[in-house]
1. What is the set of long-range amide H partners of Ser321 at a cut-off below 5 Å, with H atoms built 1.01 Å from backbone N?
2. Work out the charge dipole of the chain with +1 on the Cβ of Lys and Arg and -1 on the Cβ of Asp and Glu about the Cα centre, then indicate which of Leu272, Cys242, Pro360 is farthest towards its positive end.
3. If contacts are Cα pairs under 8 angstrom and at least 6 residues apart, what is the relative contact order of the chain in percent?
4. Among DSSP bridges having both ends in region 27-166, what percentage is antiparallel? Round to the nearest 5.
5. With no solvent and one point on each alpha carbon, what is the Debye value of log10 I(q)/I(0) for region 27-166 at q = 0.10 Å⁻¹?
6. In nm, what is the difference between 0.36 nm times the number of residues separating Lys10 and Ser285 and their Cα-Cα distance?
7. Compute, for region 1-88, the length of the dipole vector about the Cα centre, with Cβ point charges of +1 (Lys, Arg) and -1 (Asp, Glu) only. Units Debye, rounded to 20.
8. Can you put Phe46, Phe140, Phe3 in order of Cβ neighbours within 10 angstrom, beginning with the fewest?
Amino acid sequence: MSFPRYPEYKDSGVAWLGEVPSHWTICGTGHRLQSPPCYGVLVPDFDPDGVPMLKIMDLANGTPDRSALATISERLSDEFQRTIVRRGDVVLSVVGTIGTALVIPEALDGINLSRALARLLPNVDLLPQWLVWVFSSDNFTRFVDLVCVGSAQRVLNMDDLRSFRAPFPPIEEQTAIATFLDRETAKIDALVAEQEKLIALLQEKRQAVISHAVTKGLDPNVPMKDSGVEWLGEVPGHWEVCALRRVIAAIEQGWSPECYAREAEEQEWGVLKAGCLNGGNFRPSENKALPPELPPEEAYEVRVGDVLMSRASGSPELVGSTALVKATRERLMLSDKIFRLKLKEFVNAAFFVAALNSRPLRIQIENALSGGNGMANNLPQSSLLTFAMAVPPLAEQATITVFLEQETAKLDTLTAEARSAITLLQERRTALISAAVTGQIDVRGLAGSANAPDSVAASAYPASA
């Protein structure tokens, strides 16, 4: 769907903003606020019986639940009266991920803010929701990129926030545009949610296909037997059920020296991060450059055909992720958070990797991690070797591997298409917001129409709009 433009435009005086409707005002955001914006509480004094405090992570999924917020002491809340927000105030994230904004509803009236958030009090001629949409636009993103250069953690200074020059139409027009964006972005968000649900279903299907193939085989008529292992259940009668110590010939662990916080260049040595195995796929780009003054341990260099497993991670669900190295660049070493597993001759490496990423093996990994005694987020070799798996004859392993490659490739293609659709929808959402709040499109005639075309959400908004 195409949108009309305004009859007349003028130069905004802002390089990246360009022209805006001739009757709109361009000014610093601070001129449209009742008082200067301010940060929240610097060092929280938490008290379970105190005053609720909104943190930056609470904004991640929209309007948060008051009862789920952390609470600070009343003494500290009284000390920071200026950061207590009221209904209609605008809250903006100003540290790290900058630009997430929320209009405070009645349910959050009277709560405090953490240091990563700022409180803004709009004037009567500034619609709070308009400000939220402005902060969601490319115009604001470019401004933040300009003023927050050169720091490890980006922090938006309050003086910079006040000086941010934005377009402001009359209040009635702000209301019309905000109403339009509320409705149309909700449509896009619903389409994104559908794609995310599809991805979740595809991932469940993928896991089910793998788990069934490596525990039941491909012949539905084959005689079965009890494996003797609860999470394996019945397996084909001619398969052998054994501990991984019967399957793994050797386990090798790498080295984790102090590295640069960047990927190694082509001729540099790099040390793999545990995240190189997330999702059961090997990603050689997930590495850190080894400083030139440190001699590499060449025995730890990764080679095609290696079976690698993440033994430790900050996220428990990623511990045990296993991948077969099908291709890699030279001069990449194992870290001490990665196992290299040498398999015995009766085990197909691709079949073994599929089995290790199946649900029955994941259950055993999760049980080991929940065992305490320093094992949280860390999988010891001794535990790994006790895990049980079902091993078919070598020829059958190869047949199952070919089947899984074909079936998972189909599911992975569908997943990639869904992820691509989400990316396109998010780009269109951003383009629509930016075009509307900078006056590049005139949506006033659609604002009050409950029957606006559904194609608005799915149409291609020009990225330059």
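Bear in mind that the values in this text are calculations on the coordinates, not laboratory data. Predicted, not measured: the structure shown is a model, and the values here were computed from it. Counting neighbours? That spans all protein chains shown, and the Cβs are built from the backbone with ideal geometry, glycine included.
1. Here the answer is Ser310, since their amide H atoms fall under 5 Å of that of Ser321.
2. Cys242
3. Computed over the chain, the figure is 18 percent.
4. Details: 17 of 20 bridges.
Percent antiparallel among DSSP bridges in region 27-166 is about 85.
5. -0.31
6. Fully extending the segment from Lys10 to Ser285 adds 94.3 nm.
7. Details: 9 positive and 11 negative charges, 74 e Å.
With Lys and Arg at +1 and Asp and Glu at -1, about 360 debye.
8. On the way: Phe46 11, Phe140 23, Phe3 17.
With the sparsest Cβ surroundings first, the list reads Phe46, Phe3, Phe140.
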